[in-house]
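The values are calculated or read from the model by the stated rules, or taken from the named source; none is laboratory data. Note that this is a predicted model, so its numbers are computed, not measured. Virtual Cβ from ideal backbone geometry, glycine too; neighbours counted across all protein chains shown.
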Amino acid sequence: MNRFLIIILFLFSATASLAQLGGRPQGLQLRPHADDELSYLNPKEYIVGGITVSGTQYLEPDILIQISKLVKGERISVPGDATSNAVKNLWQQGLLDDVQLRGSLKGDTIFFNIAVTERPRLTRMDFKGMKKGETDDIKEKLKDKTGRIVNEALKSTTSAIIKKFFHEKGYLFTEVNYEQKKDTTEANNVILVVNVDKKTKTKVDDISFEGNKNFKEKQLRKFLKKTKERSSINIFRSGKFLQDKYEEDKRTLVAKIQDKGYRDAEIISDSVIKKPTGRVDIHIKLHEGPKYYFGKVTWAGNAVYPTKTLNDLLAIEQGDVFSEEKLEKKLRGNPNGDDISSLYLNNGYLTFNVDPVQTKIYGDTIDVELRVYEGPQYTINKVSIKGNDITNDKVVRREIRTKPGQKFSKELVVRTTREIAQLGNFDETKTDVHPVPNPADGTVDLEYVVAEKPSDQIELSGGFGGGRIIGTLGLTFNNFSARNLFNFKEWKPLPKGDGQKLSIRGQTNGKSYQSYSFSFSEPWLGGKKPVYFGISAFTSLSSNDDYARYYNYTDDQKYRIRLNGVTFSLGNRLKWPDDYFNLNHSINIQQYKIKNYPNFILSNGTSYNFNITEEFSRNSVDAPIYPTSGSHIRLTVQLTPPYSLFNKVNYSTATPEDRYRFTEYHKWKFESQWYQRIVGKLVLKTQAQFGFLGQYNKAVGQSAFERFKLGGDGMQGFDYLQGSEVIAMRGYENNNVTPLGYDPQIARYSGSPIFNKYIVEMRYPLMNSQQATVFMLTFAEGGNTWNSFSDFNPFNVRRSAGVGARIFLPIFGLLGIDWGYGFDKVYDTSDGRLRKSGGRFQFSIAQQLGGGF
């Protein structure tokens with residue numbers, strides 16, 4: 001048997017391709033044995049007798065044979081296309097560092113051996129040039145690359161992922177290169193060192209336009225909401241360039257131009273030009289086209305509502321500037337609900353649709369036909385609730401406005417989802433409704449889907465007051481069930497599910513200060529109507545007994561103040577002026593027992609505060625934690641009996657103990673909060689507050705209690721012991737916004753009878769989920785206090801501005817931190833001199849979400 005060893009590497013026709021793949025191109029080399037000869041000029045045909053593979057570590061030999069396309073039993077020319085293509089096909093996979101095709105002859109049969117050297121595999125990537133957080137994020141995105149073949153495809157994919165990551169962060173010209181190190185612990189493995197040069201953040205120097213005839217460049221730049229030129233004056237305009245935001249802005253730009261009537265407007269071309277400074281210039285070439293106007297607007301298919309009714313609601317006249325956006329908003333999707341679609345959907349036409357068709361374009365005029373499909377009028381059949389694993393069905397059902405037998409109403413569905421969210425027991429981001437139409441009988445089933453969230457809260461905090469550390473422990477159960485109080489099987493850890501609220505709170509710094517309070521409320525007294533019932537009670541004690549014993553104080557040096565109180569409340573929802581209104585009534589009984597209390601109008605004696613409170617409010621905010629629309633308005637009037645008219649006390653000679661034994665006053669408070677979505681998730685909150693404490697009889701004078709203290713974090717603390725209302729104002733110390741020209745010590749301790757405050761706040765959420773709500777804010781505030789109406793000036797306010805953050809955790813409630821700068825002068829607490837307040841940090845725990853009183 002004559003045998004020949006044939007080493008077939010490459011044919012000259014494959015040389016260029018293999019060179020690009022990193023191979024070593026060579027001509028066909030033959031080393032013949034005995035008398036047989038093979039020639040490139042005279043190839044011979046052979047039958048493939050078999051194919052084997054050698055040198056593999058990880059790759060499957062059968063797969064390599066398939067890739068080579070050599071098939072046992074086929075007759076091929078040697079040398080020829082089959083042998084050259086076999087090597088070429090294997091190289092193109094990018095899996096191998098070396099390929100040799102060896103053959104041995106036996107008569108007219110040839111046996112092949114594919115000898116390979118595999119490319120190394122990746123042990124890991126080491127990154128240079130990035131921060132730890134960036135490295136962690138990139139590693140997470142590339143974690144599936146470990147163990148893969150290290151080739152140009154792997155490097156190209158890795159570079160693309162890294163560059164995309166930094167492009168999104170504003171680094172447009174990131175560069176990536178590689179170093180390869182052999183892994184000494186693993187055979188045929190390497191470590192890839194990835195060198196990342198982020199460069200500087202890409203910023204925009206100039207944005208220019210071409211082809212704009214009817215729009216000034218300044219106006220066009222305003223249409224680019226998220227791509228702005230760099231400004232050295234406006235610190236809020238960084239000029240950062242983000243590719244995805246730029247692409248979004250280009251679409252917005254065209255939409256804004258089209259909304260002005262230029263329906264043919266388009267961007268012909270645009271370029272982002274890199275400058276030597278690393279910044280970019282943007283040039284956009286526009287085609288505006290002619291300005292179009294609405295022609296005839298006609299309706300087709302409407303039977304329920306006459307054309308005049310639809311035209312009045314559409315409010316588009318012939319000759320108006322043509323705007324598809326305006327037309328679409330009038331037809332459906334108007335946030336105010338005054339669109340054509342809402343008109344039908346609120347009247348049961350669940351499957352209503354309207355299709356605007358441009359029927360004729362002549363000159364600069366466009367005729368539009370609005371083709372209406374009204375469909376059947378649907379009646380609500382079944383209403384079900386899903387996901388309330390803790391809250392009882394009745395608690396959710398009593399908030400549902402869509403009842404079986406009623407006509408379907410989009411407005412009532414939206415209102416129902418709002419009311420369910422207002423309960424505070426469910427994640428409002430996951431509250432949804434699934435309508436299931438039944439066309440056969442014209443009914444629709446509604447399924448409200450909710451997701452329970454932790455609603456109970458714990459307040460565990462420490463603060464500083466009265467020269468000592470004050471500890472606070474508070475427990476609030478927002479979904480309490482009083483009827484199961486003695487059913488211990490329902491304790492988890494307390495009975496839940498009936499939507500009642502139970503709150504217990506204690507605060508102390510030892511024997512010198514103790515305060516305990518309790519409250520319970522039932523929003524549906526009797527279970528049939530939304531009648532609110534609440535009861536609360538408190539007792540507080542403050543003294544200097546500890547110091548008195550230590551320093552051997554005399555009786556005149558010892559002080560003590562105790563407050564006791566109980567409140568009963570009853571309220572109901574109103575249907576007029578609309579059903580967002582509420583009217584609440586309260587009876588409050590409080591007792592103040594005071595002995596030698598310093599810096600207070602009443603230093604000794606016992607005083608009683610019996611009052612009736614009426615609160616008229618309207619709350620239409622869309623969410624309790626992070627509102628984005630709606631308002632909350634509240635007017636409160638608090639009245640005591642006019643004792644001085646019938647108690648026969650001579651107030652001109654009365655002692656403070658007799659003057660304030662039965663405190664008398666009338667107290668008026670007003671608050672309004674408005675929420676408006678500006679763009680995206682950015683929300684504007686505006687707020688105004690006013691409070692006035694009046695008197696029935698000038699001879700009696702102002703009440704010693706129920707005054708207002710303005711400034712600081714708004715936490716009650718010791719201030720509650722004087723029966724005052726504490727109103728937060730960032731940028732100033734607690735209670736430090738006092739009237740000028742009056743004793744600051746008395747004003748700080750006793751409070752003032754008049755105050756007002758204004759807030760403008762921009763909010764942006766970082767997280768809004770069942771687990772937590774986190775948002776950042778920037779604010780400007782103005783507020784002041786006065787001792788008489790003759791001094792009152794609502795525009796003469798102390799001002800502040802700053803930034804802050806809020807986090808709402810279901811178990812702890814609302815936690816906040818603010819840094820505010822007070823621009824105006826107040827009395828310094830250290831020496832009583834007037835000084836600018838300056839900057840200061842303030843913390844708040846478990847404050848009201850609305851921030852009001």
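So in segment 500-530, with the set limited to residues that are over 18 Å from LEU475 (Cα atoms) and among the polar types (S, T, N, Q), which one is farthest from the chain's Cα centre (by Cα)?
Kept after step one, since they are over 18 Å from LEU475 (Cα atoms), are these residues of segment 500-530: 509-513, 523-530.
Next, only the ones that are among the polar types (S, T, N, Q) stay: 509, 512.
On the way: ASN509: 38, SER512: 43 Å.
Only one residue fits best here, namely SER512.
Within segment 153-210, take every residue that is basic (Lys, Arg) and under 23 Å from PRO276 (Cα atoms) and give me the one that is surrounded by the most Cβ atoms within 10 Å (Cβ to Cβ).
Step one: filter segment 153-210 for residues basic (Lys, Arg), giving 155, 163-164, 169, 181-182, 198-199, 201, 203.
Next, from what is left, pick out any that are under 23 Å from PRO276 (Cα atoms): 163-164, 169, 198-199, 201, 203.
On the way: LYS163: 18, LYS164: 13, LYS169: 15, LYS198: 20, LYS199: 13, LYS201: 17, LYS203: 18.
It comes out as LYS198.
With (1) touching a Gly at 6+ places or on another chain (Cβ under 9 Å); (2) over 24 Å from ASP818 (Cα atoms); (3) at pLDDT 90 or above as the list, and TYR764 as the residue in question, which single condition is left unmet?
Result: TYR764 fails condition (2) only.
Here is a yes/no grid of residues against (1) in contact with a helix residue (DSSP H, G or I) (Cβ under 8 Å, 6 or more places away or on another chain); (2) farther than 30 Å from PRO335 by Cα:
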| site | (1), (2) |
| --- | --- |
| ILE594 | no, yes |
| ARG618 | no, no |
| HIS632 | no, no |
| VAL637 | no, yes |
| PHE662 | yes, yes |
| PHE690 | no, yes |
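Please verify whether segment 670-687 includes one or more residues that are on the phi > 0 side of the Ramachandran plot and at pLDDT below 95. If you could, list the steps in order and put the result at the bottom.
From segment 670-687, those on the phi > 0 side of the Ramachandran plot are 680; that's our starting set.
Checking the rest, the ones that are also at pLDDT below 95 come to 680.
Checking segment 670-687: at least one residue is on the phi > 0 side of the Ramachandran plot and at pLDDT below 95.
Go through THR402, THR416, THR429 for me and flag whichever is part of a loop (DSSP other than H, G, I, E, B), surrounded by 15 or more Cβ atoms within 10 Å (Cβ to Cβ) and of a type in the set (Val, Ile, Thr). Walk me through how you get there before you give the answer.
Details: THR416 fails: part of a loop (DSSP other than H, G, I, E, B); THR429 fails: part of a loop (DSSP other than H, G, I, E, B).
Answer to the check: THR402.
Does ALA699 meet the test of being surrounded by fewer than 20 Cβ atoms within 10 Å (Cβ to Cβ), modelled with pLDDT of 85 or more, not polar (S, T, N, Q) and not in a loop (DSSP other than H, G, I, E, B)?
On the way: surrounded by fewer than 20 Cβ atoms within 10 Å (Cβ to Cβ): yes; modelled with pLDDT of 85 or more: yes; not polar (S, T, N, Q): yes; not in a loop (DSSP other than H, G, I, E, B): no.
Criteria not met by ALA699.
From the list GLY741, GLY751, pick out the single residue that is modelled with pLDDT under 95 and surrounded by fewer than 17 Cβ atoms within 10 Å (Cβ to Cβ).
On the way: GLY751 fails: surrounded by fewer than 17 Cβ atoms within 10 Å (Cβ to Cβ).
That would be GLY741, the only listed residue that is modelled with pLDDT under 95 and surrounded by fewer than 17 Cβ atoms within 10 Å (Cβ to Cβ).
Working carefully through the options ILE282, ILE316, ILE273, ILE257, find the one that is surrounded by 15 or more Cβ atoms within 10 Å (Cβ to Cβ) and farther than 26 Å from THR359 by Cβ. Let's see the steps before the verdict.
Values: ILE316 fails: farther than 26 Å from THR359 by Cβ; ILE273 fails: surrounded by 15 or more Cβ atoms within 10 Å (Cβ to Cβ); ILE257 fails: farther than 26 Å from THR359 by Cβ.
Going through ILE282, ILE316, ILE273, ILE257 in turn, the sole match is ILE282.
Can we say TYR344 is out of contact with any helix residue (DSSP H, G or I) (no Cβ under 7 Å at 6 or more places or on another chain), touching a residue at least 40 places away in the same chain (Cβ under 8 Å) and surrounded by 14 or more Cβ atoms within 10 Å (Cβ to Cβ)? Quick ask: steps written out before the conclusion?
Working: out of contact with any helix residue (DSSP H, G or I) (no Cβ under 7 Å at 6 or more places or on another chain): yes; touching a residue at least 40 places away in the same chain (Cβ under 8 Å): yes; surrounded by 14 or more Cβ atoms within 10 Å (Cβ to Cβ): yes.
Spelling it out, TYR344 is indeed out of contact with any helix residue (DSSP H, G or I) (no Cβ under 7 Å at 6 or more places or on another chain), touching a residue at least 40 places away in the same chain (Cβ under 8 Å) and surrounded by 14 or more Cβ atoms within 10 Å (Cβ to Cβ).
Here is a list of conditions, (1) within 34 Å of the chain's Cα centre (by Cα); (2) under 30 Å from ASP824 (Cα atoms), and LYS681 meets all of them except one; can you say which number that is?
Every condition holds for LYS681 apart from (2).
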